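**Student:** Encoded as C-alpha cells, here's the structure I'll be asking about.
Only the coordinates and a few stated rules stand behind these numbers; no lab work does. All of these numbers come straight from a predicted model, not from anything done at the bench.
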Amino acid sequence: MALRVFAHIDSRPMRTVMRWQIVATAVLGLLAWIFIGVHGAASAVLGGVINQVADLAYAMLVSGSRVRTAGNTLRALFRAEAARIVLIVLQMGWVLTTYKAVVHPVLFISFAVSVIVFRMAILVKE
C-alpha cells in the first residue's frame with residue numbers, strides 16, 4: 001500500500017527521503033525497544049510517524065498541483081506547508097493526550113530525526 005501512495009508523488013527526492021524516514025523510524029524504534037522497552041519503542045515509532053504522515057500530505061499536495069506561474073507555485077507550497085503544520089499539531093496533541101505512557105524524549109527525538117531526514121531531499125538528485 002505504501003508503494004502505491006509513493007507512486008502518486010512526482011518527486012524522486014521526496015520519495016527517497018520518505019523511505020529514509022521509514023528506515024530511521026524503524027531503527028530508532030528498535031533501539032528504544034532494546035534500551036527502554038515497549039513504551040520507548042512505541043514512542044519512537046509515533047514520533048516518526050507523526051512527521052511522516054504530515055510530510056506525505058505535503059508531498060501529495062505539492063505533487064498534485066499543476067501550476068504555471070510563480071504566484072500559483074507559492075500558493076501551492078504555502079497550502080501544503082499549512083496542511084503539514086496542522087497535521088503535526090493535531091497528531092502530536094492526540095498522542096500526548098491519549099498515550100499516558102509515552103516516553104517524551106524518545107517521541108521528540110524521533111520526530112526531530114524524521115524532520116531532519118525529510119529536509120535532506122535537497123541532497124537527492126532528480
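**Student:** Normalized C-alpha radius of gyration of the chain, against 2.2 N^0.38 Å?
**Tutor:** For the chain, the normalised Cα radius of gyration is 1.12.
**Student:** Would you calculate, for the chain, the mean residue ellipticity at 222 nm contributed by helices, counting each DSSP H stretch of 4 or more residues as -39,500 (n - 2.57) and dividing by all residues, to the nearest 500?
**Tutor:** Per the formula, -28000 deg cm²/dmol.
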